[in-house]
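Report on one structure; see the data block that follows.
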Amino acid sequence: MNFKQSFSLALKSLKTSKMRSFLTMLGIIIGVAAVIILTSMVDSMKQLMVDEFESMGTNLITVNITGRGGNRTVNPEDMIKLVEEKDTLAAVSPNITIPAYMKNGNENQSVSCIGTSENYHEINNLEISSGRYLSYVDVERRQKCCVIGSYIAKSVFEGMDPVGQIVKLNGNSFTVVGVAAEKAGSTQGGQDDRIYLPYTVARTLTFMSRISNYSFSAADKDRLDEAISDIEEALYKVYQNDDYYTVVSVSAILDTLDELTGTLTLILVGIAGISLLVGGIGIMNIMLVSVTERTREIGVRKSLGATPWNILSQFVVEAATTSGCGGILGIFVGIGGAYLLCSMMNMKTIITAGSVIIAFSVSAAIGIAFGYFPAKKAAKLNPIDALRHD
Amino acid sequence: MIELRDIYKIYSDGDGEIRALDGVNLHIDRGEFVAIVGQSGSGKSTCMNIIGCLDVPTSGTYHLNGTDVSTMNDIELAHIRNATLGFIFQQYNLLPKLNLLENVELPLIYRGMPQKQREEKAKIALERVGLLDRAKKMPSQLSGGQQQRVSIARALAGDPPVILADEPTGALDSKTGRDVLDFIKKLNQEGTTIVLITHDMSIAEEAKRIVRIQDGKIISDQPGRRATYEF
């Protein structure tokens, strides 16, 4: 008896008891679907984050200074000097984020303002859709001008060209010199709901004189590590302790992200794997019932010349067919579910062939592994006892 | 053809032992039609199981077609059952999920015969029992007599030299039982060795030779009454 016959026999016996077969498969269907949905969710979310970070530019190095108070500190001039000295660094922008209220008609709305230098848009890959970015002169002369994000341009100016218009921030009038291009879907609170000011001006709006965040761009992507160590060296000279500042590059964040999502995937797949295991036990259970129910059939087959191997393979193939069919159904459910969930969360759906192949082959392997024990039991049956069984 | 020598089958049953076969010697030649008769519990079924290679004796030797099968393992016995023996059971024992043709094909499948050849042979066997036109029907759609004919076709399909029939008419009414028996007799006339197990003397008397078993021993071995005018 060859494989094809065992297989068609197995399919036949699946068809004759549809409800039972479906319930048996359910564990496998859920397991496979869970593996696919979870890996797809993690991959899609990861891609979303990677896109976000990559849009900031892979040359970006962010420095955060927690400081220790007192006189030991760095100021923007020191950092600008550092960039001039080191050929690994291309540009720097001191960043200062201040909460502000913007007057919109009769309402005051809270808005996030970032004080930057004229280099910020280049360092952070910020595109300008109309007008210009802040200039050196704006920064030096503390001009009250600003660049607004696309969300603000849409929500406040409603189709009018904002360039040349005035926005009122905390009671001061700022001239809009440019509009930043849409970066993250123009949503409230997102990257497009921002106003960029000269950092020299932003400083005067708040009572915080210290600037604790700088973004650098490395001159060369391949010399990113060198650039980071140049910055760290300069900061260490000032603070004598590396607890007072952090230097992070987007590439380092991406590496960490990679590691994190890898671990996350493993954990989630492990949990989904438990469902596959439970499904396998369900198959073993139903196969044992099936062997008992079909004892007489086994006896007849043996009397007609079936070898123990024939019987073993018949039942193993049947178990593998059950779990394999469950696996295929699970793949469809999983892909459908992943698309549904990702579209609900506004993410691009990513399903890797690897997760589908692994999920399916694991489910088939589970059928073989868990089908083996009942099949062995069937193969070992004594023909006369089997024939006499009612 | 069939040569049983000093066959014992002993079951140990807690405190004692049960001698299902107690020193049986039996020789059956090619082309014979032997009825083994006995009350239930006499040992006739055990005898049939051993002849059918479904069971192995506790001691003694059994030569089938010149080879000693009493020492064979499960796989070798399976091959012997497949090639040398055809079974007809009281309860027909057709597989309910397979149609008639597939049922008849079963022994050929285990022989490893290619599909086309298999189907042809199975059709010939079904034709011999007059059920070729119902080849695609399921066993449950047939009457008892028809099912038994299918089981005969299944036994015939592999052209075994020996056919073992265990109470083949036991579940049938007398008329269809008669038909089945006539068919078995016809098979014997065509050269197949038949061993028929029954408790019913009127059926046993159709055979050329009657072997009576009681308490695991052969108590008589004589020609059947009607055997003389069969020929």
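The values are calculated or read from the model by the stated rules, or taken from the named source; none is laboratory data. Computed from a predicted model, the values in this text were never measured in an experiment. Here the Cβ is made from the backbone with ideal geometry for all residues, glycine too, and neighbour counts use every protein chain on show.
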Taking into account only those residues within the range B:10-36 that are β-branched (Val, Ile, Thr) and over 14 Å from the mean Cα position of the chain (by Cα), which is farthest from B:HIS63 (Cα to Cα)?
B:ILE18
Inside the range B:113-140, can you point out the residues that are of a type in the set (Gly, Ala, Ser) and within 21 Å of B:ILE184 (Cβ to Cβ)?
B:ALA122, B:ALA125, B:GLY130
Hits in the range A:372-390 - residues which are out of contact with any Ser or Thr (no Cβ under 8 Å at 6 or more places or on another chain), away from chain B (no Cβ under 14 Å) and either under 30 Å from A:VAL42 (Cα atoms) or of a type outside the set (D, E, K, R) (or both)
A:TYR372, A:PHE373
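Can you tell me which residues in the range B:178-215 are under 23 Å from B:ASP22 (Cβ atoms) and not hydrophobic (A, V, I, L, M, F, W, C)? Working first, answer last.
Quick first cut of the range B:178-215, residues under 23 Å from B:ASP22 (Cβ atoms) only: B:195-199, B:201, B:204, B:209-215.
Scanning the range B:178-215 gives B:THR198, B:HIS199, B:ARG209, B:ARG212, B:GLN214, B:ASP215.
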Go through the residues of the range B:67-78 one by one and say whether even a single one is buried (at least 23 other Cβ atoms within 10 Å of the Cβ), part of a helix (DSSP H, G or I), facing chain A (nearest Cβ under 8 Å) and under 12 Å from the mean Cα position of the chain (by Cα).
no
Any idea which residue in the range B:93-123 is nearest to the other protein chains (Cβ to nearest Cβ), counting only those that are assigned to a helix (DSSP H, G or I) and among the basic types (Lys, Arg)?
B:ARG111
Among the listed residues A:SER44, A:SER13, A:SER21, A:SER8, identify the single one that is in a helix (DSSP H, G or I) and under 11 Å from the mean Cα position of the chain (by Cα).
A:SER44
Do the conditions hold for A:ILE253, that is, is it part of a helix (DSSP H, G or I), modelled with pLDDT of 85 or more and of a type outside the set (S, T, N, Q)?
no
For the range A:116-154, give me each residue that is at negative phi and among the basic types (Lys, Arg).
A:ARG132, A:ARG141, A:LYS144, A:LYS154
For A:ARG301, state whether it is free of Cβ contacts under 8 Å to residues at least 60 places away in the same chain, among the charged types (D, E, K, R), assigned to a helix (DSSP H, G or I) and not assigned by TED's automatic domain parsing to the domain that holds A:PRO94.
yes
Output yes when any residue across the range A:209-223 is among the aromatic types (Phe, Trp, Tyr), exposed (fewer than 15 other Cβ atoms within 10 Å of the Cβ) and assigned by TED's automatic domain parsing to the domain that holds A:SER173, and no when none is.
no
Pick out the one residue from B:LEU181, B:LEU126, B:LEU187 that is under 14 Å from B:ASN99 (Cα atoms), in contact (Cβ under 8 Å) with a residue 12 or more places away in the chain and assigned to a helix (DSSP H, G or I).
B:LEU126
Consider A:ILE311 carefully, then state whether it is β-branched (Val, Ile, Thr), within 14 Å of chain B (Cβ to nearest Cβ), in contact with a helix residue (DSSP H, G or I) (Cβ under 9 Å, 6 or more places away or on another chain) and part of a helix (DSSP H, G or I).
yes
Name the residue, out of A:THR73, A:THR62, A:THR88, A:THR116, that is within 14 Å of A:LEU197 (Cα to Cα), surrounded by 14 or more Cβ atoms within 10 Å (Cβ to Cβ) and among the polar types (S, T, N, Q).
A:THR116
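Table: residues versus (1) touching an Asp or Glu at 6+ places or on another chain (Cβ under 9 Å); (2) among the acidic types (Asp, Glu); (3) crowded, with 20+ Cβ neighbours inside 10 Å.
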position	(1), (2), (3)
A:THR261	yes, no, no
A:ILE267	no, no, no
A:GLY280	no, no, yes
A:ASN285	no, no, no
A:ARG294	no, no, yes
A:VAL300	no, no, yes
A:PRO308	yes, no, no
A:GLN314	no, no, yes
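Do the conditions hold for A:VAL201, that is, is it surrounded by fewer than 20 Cβ atoms within 10 Å (Cβ to Cβ) and in contact with a Lys or Arg (Cβ under 9 Å, 6 or more places away or on another chain)?
In short, no.
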For B:GLY112, are the conditions met, namely being over 17 Å from the mean Cα position of the chain (by Cα) and modelled with pLDDT under 90?
yes
So B:ARG154 ticks every box in (1) at the interface with chain A (Cβ under 10 Å from one of its Cβ atoms); (2) touching a residue at least 24 places away in the same chain (Cβ under 8 Å); (3) over 29 Å from B:ILE2 (Cβ atoms); (4) not hydroxyl-bearing (Ser, Thr, Tyr) but one. Which box is left unticked?
(3)
For A:LYS144, which of the numbered conditions (1) touching a residue at least 24 places away in the same chain (Cβ under 8 Å); (2) touching an Asp or Glu at 6+ places or on another chain (Cβ under 7 Å) fails to hold?
(2)
